[in-house]
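Okay, structure first, notes after.
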Amino acid sequence: MNNKTNILVVEDDRQIRKLMSTTLSANGYSIECTNDGGQAIMALSTKSFDIVLLDLGLPDMDGVTVIKKIREWSNIPIIVVSARDEDSDKISALDNGADDYLTKPFSIEELMARIRVAQRRLSNISEAGDSVFKNGDLVVDYPAGTAYLKGEELSLTPIEYKLLTLLSRNAGKVLTYTYITDKIWGNSIDSDVASLRVFMASLRKKIEKDTAHPEYIQTHIGTGYRMILVKK
Ligand code: CA
């Protein structure tokens with residue numbers, strides 16, 4: 001296989017590192033491993049990678065610090081793979097620019113699925129030279145300020161449109177409540193999260209076939225929302 005996806009695994013647990021590197025290599029990915037944050041930043045600044053799998057509890061620095069440093073210069077998809085299942089850690093990682101999170105223990109199928117999502121975001125970014133977002137039957141024409149479903153123009157309120165734009169521009173990425181309310185209302189007080197739910201419900205009614213089983217916007221309970229890149 002040419003053009004293999006290069007994955008950097010940052011993990012200090014040798015067994016998990018070995019498991020990831022063996023399975024991912026067997027599935028056609030090119031893998032490099034580092035066991036601390038300093039090495040990871042060094043590797044990323046000297047070589048070219050497509051995706052980072054990052055443990056949060058590292059021997060030399062906190063994984064969130066690693067994310068902040070990477071985000072100073074790179075937009076590479078970062079999937080946090082963490083043993084900590086507290087929401088605050090996940091949210092802090094996402095707020096600082098991680099794309100997604102996976103809690104240990106995880107299944108290899110789950111890991112592979114998350115990598116495929118990150119890869120789709122990657123190809124979406126490289127295609128996004130044009131200013132029209134296409135995802136399944138959904139189209140957002142940013143310069144025109146309009147959105148379409150199955151070719152029919154959607155009648156959206158300004159907030160619904162802003163919400164759809166924010167999610168589509170970050171498609172594939174989990175956006176936290178704080179991130180979204182801050183972008184939409186310029187602050188993030190608790191009542192905004194309640195308003196966000198209301199606007200999200202009305203947006204979903206307009207774009208989802210079945211709001212109980214949304215196809216485009218996924219809910220991450222206690223965390224936020226993600227626009228799913230629908231398979232073509
Ligand atoms: Ca660790």
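Among the residues of region 1-20, those that are surrounded by 14 or more Cβ atoms within 10 Å (Cβ to Cβ) and out of contact with any Phe, Trp or Tyr (no Cβ under 9 Å at 6 or more places or on another chain) comprise VAL9, VAL10, GLU11, ASP12, ASP13, ILE16, ARG17, LEU19, MET20. Residues in region 32-65 that are buried (at least 17 other Cβ atoms within 10 Å of the Cβ) and more than 13 Å from VAL9 (Cα to Cα): 1 in all.
Tallying residues that are more than 16 Å from the ligand (Cβ to nearest atom) and part of a helix (DSSP H, G or I) within region 65-86 yields 4. Of all residues in region 83-114, those that are surrounded by 21 or more Cβ atoms within 10 Å (Cβ to Cβ) and among the hydroxyl-bearing types (Ser, Thr, Tyr) total 1. Taking residues in region 212-232 that are farther than 12 Å from ARG197 by Cα, and partners anywhere that are among the polar types (S, T, N, Q) and assigned to a loop (DSSP other than H, G, I, E, B), the pairs with Cβ atoms closer than 9 Å and at least 6 places apart or on different chains are ARG226/ASN170; MET227/ASN170.
Name the residue that is farthest from the ligand (Cβ to nearest atom), counting only residues in region 1-28 that are over 19 Å from PRO105 (Cα atoms) and in a strand (DSSP E or B).
Across region 1-28, the extreme among qualifying residues is ASN6.
Taking the conditions exactly as written (under 26 Å from MET227 (Cβ atoms), under 20 Å from the mean Cα position of the chain (by Cα) and within 12 Å of the ligand (Cβ to nearest atom)), does SER107 satisfy them or not?
Details: under 26 Å from MET227 (Cβ atoms): yes; under 20 Å from the mean Cα position of the chain (by Cα): yes; within 12 Å of the ligand (Cβ to nearest atom): no.
So SER107 does not fit the description; no.
Candidates are the residues of region 29-58 that are polar (S, T, N, Q) and assigned to a strand (DSSP E or B); the one that is farthest from the ligand (Cβ to nearest atom) is SER30. Within 16 Å of the ligand (Cβ to nearest atom), without any contact (Cβ under 8 Å) to a residue 60 or more places away in the chain and touching a Pro at 6+ places or on another chain (Cβ under 8 Å): is that true of ASP62 in this structure? So ASP62 fails the test. Apart from one condition, SER74 fits all of (1) of a type in the set (Gly, Ala, Ser); (2) buried (at least 18 other Cβ atoms within 10 Å of the Cβ); (3) closer than 23 Å to LEU175 by Cβ; the exception is (2).
Residues are listed down the side, and each one gets a yes or a no for (1) out of contact with any strand residue (DSSP E or B) (no Cβ under 8 Å at 6 or more places or on another chain); (2) closer than 17 Å to LYS90 by Cβ; (3) of a type in the set (Asp, Glu):
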residue	(1), (2), (3)
GLU152	yes, no, yes
TYR161	no, no, no
ILE180	no, yes, no
SER191	yes, no, no
SER202	yes, no, no
GLY224	no, yes, no
LYS231	yes, no, no
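Any read-out appearing in this document is the output of simple, stated calculations on the displayed coordinates, not a laboratory observation. What you see is a predicted model, and the numbers here were worked out from it, not measured in a lab. Cβ coordinates were reconstructed from backbone atoms using ideal geometry, including for glycine residues, and neighbour counts include every protein chain displayed.
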